[in-house]
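Just below is one structure, and these are the notes that go with it.
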Amino acid sequence: MMMIQGFAQTNIINVPNRETLSLNGKWNYIIDPYETGYFDYRYEPLDKDPNSGKGFFLDQHPTDKSQLLEYDFDKCPTLFVPGDWNSQDNKLLYYEGSIWYRRLFTYKKSNSNNRLFVNFGAANYETDVYLNGKKLGKHIGGFTPFTYEITSLLKEDMNSMVVKVDNKRKRDGVPTLNTDWWNYGGITRDVSIVEVQATFIADYSIQLKKGSKTEIAGYVKLNGADKSQKVKIEIPELKSITEVTTNAEGMAAISIPVKKLDLWAPENPKLYNVTVSCKTDKISEKIGFRTIETRGTDILLNGKPIFLRGICIHEENPMRGGRAYSKEDAQMLLNWVKELNGNYVRLAHYPHNENMARLADEMGILVWEETPVYWTILWENQSTYENAEQQLSDLISRDKNRASVIIWSMANETPVGEARTNFLKNMAKHARSLDSTRLISAAMEIHGNKEKPFDKIVEDPFADYVDIVNFNEYVGWYDGLPEKCDKINFVIKYNKPVMISEFGGSALQGMHGDTLTRWTEEYQENLYQHSLKMLSKIPQLRGMTPWILCDFRSPRRFLPNIQDGWNRKGLIGQNGTKKKAFFVLRDFYKQMELKYK
Ligand code: GCU
C-alpha cells in the first residue's frame, strides 16, 4: 500500500460481507474554499503541529464564553453520505474545493482485544481523515476504497470523525484538469466501521488458474500478530475443503483441484458460496468461475467464441443527476443493459462502486473496468504515474474475485507518444503482475490518411501490449454525417480481437425531426443504423460499447435548451426515457446473440 506522509492504509477485502457499523447518513459539513480549517495564515498545514489547537479536524466546542472559535459543526447543515455534494444542494452544483464533513458516533467493541478499522468506498478527490482530532491519513484518488486502523483512537463515549474532501482538479492528477464528466465531489460511497479479531483475513484471490477449468488458484493473506495459521477454503457445493498454512508473512498460496465446475457465463451466472476461515476469522462470499482468453481474433469465454454486446456507462443516476452509489442505482443501470440484449458493459472512465461488479456477477453481465488515465495526463511525472498505478492496484485488489470482470483497461483516448506509451506499458505490466487471468486493453484512437480520405487507420504502438484492440470512433457525429459511414474502410493490421470502445452521437430525448437534423432522435437512430452496418464489416470485430447508456452531466456541454450541462449521447434520456436508437441497438444485439449461440 502506498504510504502518504507516514500514514499507512490497510487492505481489507470483501468489506460488504463483513460485520460493520455503517456511518452512512447525515454528516454536518462546512464549505471551506480557502481551507481555513486546514492551513494557518502562513499556509502551513495546521495538522502538522498536533498542539496548534487549531484546525476544523479538532471539532472543538467552546467551553466558556470567552473562548474564540470561528466554526461549530453542531450548528452546521448536513449532507448525505454516500453522495456527491453537487446534486444535494444547488449552490454546490459547480463547487470545486474543500468541504469538511463531521460525523459523531459511539461504538462498543464486542471483544476488547479486537481491532477496528474505518473503510471508505471512495471519496473524490483528495481526502484527509481524522478521528477524535488525530490524523488517520490522506488518500488521493476519487474512485477506489481506502481503510485506516482506529483501534487505539476509539473513545468509550462519543467519537468525532472529521473528513476534509477536496475535489479541486490538478494538472498532475489522475484524472487531470480536463474531462467530459462532472467533477462530483464528496464522500461518494459507503463509510463503515469494521471490527475484526487481532489477526484477520485481510486479502484473498480465488479464481480459476489461467487457461485451466480444473484448478482454482490464488492466495490468502492474514493481517495481525498470529500470522502463521491454518486457513481453510470451503466450497460446500463442490464438497471441496482445502487447508493451507500461512507463512511468517501471513501468506499462503492456494491450489484447489475441481471437477465438473458449473462455469459462470452470461446465460448461466453461476456463483458458489466460498468461505475462507482460520482460528481467528471467517469470511464468505459468492464467487463465479470462468475462463477468459483470446485466440487469434477470437475472444473465448470458457473456451467458446463470444461477441461482447455492450454499452458504456458513467457512474451516474440520470434522474437524480448525481453519482450512482447504491445497489438500486446499479440494478436500474444493469436492467437497462439487459433490455438492450446486452451481455457486457464498459464502466467508464474510472472504477465504479463495488455494487456494479457484484451485481454484474449475479446478472451475468461481463465487465470492462478502467482507471481515469484519460486524455492528456502528465506522462513524465513520477508521482502521476505512482498515483495511476495505485488506483489500478486498488481496483484490481477490490474486484479480482469478480467473475464478471474480464478486462482491465489502461487508458482512454491518450495521445500516441513515447512517454505515454511507456507509461501505459508499465501500467499493463503492473496489471499482469497482479492478475494474470484477465485481459488487458485500452480505448485507443484512429487516424486518417490524406491520400485516402475514407480510410480509418488503427495503429498504436501500445496495441502490441494489449490482448484486445479497442478504439473510439465518431464517424457521423464529430466526423461528417451518418451517411459517411457507408464509405469508410478500416485499416486494422492486428491479428487480435477488435472492439469499438466508443461510437455514437447526441439526441435530446423527445426532440424529433428529419434524419439530418442534429439533436433529433431520428438523427441518432440513423447514425446507429449506418454505424452498425459500417462496423459489422470489420472481420476481427468481436464486440462494442457504444457511447453511452444514459445522458450524463458534463461541464463541457453548453447548448441552451438542448445540452444545458449534459452530454446527450445517451440512448436513454435524463428522465429515464429510451430514445429511438436504443431499439436499433437492441435489435442488432438480438441478431448477434443468435449468431453466436
Ligand atoms: C470521448 C470521450 C468521452 C466523451 C465522448 C464525447 O470519446 O472518451 O469521455 O464523453 O467522447 O465526446 O461525448
Subset of LYS209/LYS230; LYS279/LYS429; LYS533/LYS578; LYS450/LYS579; LYS533/LYS569 violating a 26 Å alpha-carbon distance limit: LYS279/LYS429; LYS450/LYS579
Over the Cα atoms of region 1-132, what Rg and Dmax result, in angstrom? 16.6, 49
Once a ≥ b ≥ c are taken as the square roots of the eigenvalues of the Cα gyration tensor of region 461-578, is the result rounded (a/c under 1.5), prolate (a/b larger than b/c) or oblate (a/b not larger than b/c)? prolate
In whole Hz, with x marking every Gly and Pro, tabulate ³J(HN,Hα) for region 449-455 from phi via Karplus 6.51 cos²θ - 1.76 cosθ + 1.60, θ = phi - 60°. 9, 3, 5, 10, x, 9, 7
Quarter of the Cα convex hull surface for the chain, i.e. its orientation-mean projected area (nm²): 28.1
Just for the Cα atoms in region 446-519, what are the lengths along the principal axes, largest first, rounded to whole Å? 44, 29, 15
Helices from the chain with mean Kyte-Doolittle at least 1.6 and a Cα length along the axis of 15 Å or more, per DSSP H: which? none
Taking all protein chains in place and a 1.4 Å probe, what share, in percent, of the accessible surface of region 215-295 do carbon and sulfur account for? 52
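Run through every distinct alpha carbon pair of region 551-590 and return the Kirkwood hydrodynamic radius in angstroms, one decimal place.
10.9
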Expressed in angstrom and rounded, the centroid-to-centroid distance over alpha carbons for region 559-597 and region 49-118 is 42
Taking the mean number of other Cβ atoms within 10 Å as a proxy for protection, how do you rank 63-70, 453-460 from highest to lowest? 453-460, 63-70
Cβ-Cβ FRET estimate between GLU328 and TYR219, R0 fixed at 30 Å, reported to 0.05: 0.30
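The values are calculated or read from the model by the stated rules, or taken from the named source; none is laboratory data. Owing to the predicted nature of the structure, the values given are computational and were not obtained by experimental measurement. FYI the Cβ positions are ideal-geometry reconstructions off the backbone, even for glycines, and counts take in every protein chain you see. Please note that ligands, DNA and RNA were not included when accessible areas were found on the heavy atoms of the full protein model with its side chains. Shrake-Rupley method; radii C 1.70, N 1.55, O 1.52, S 1.80 Å.
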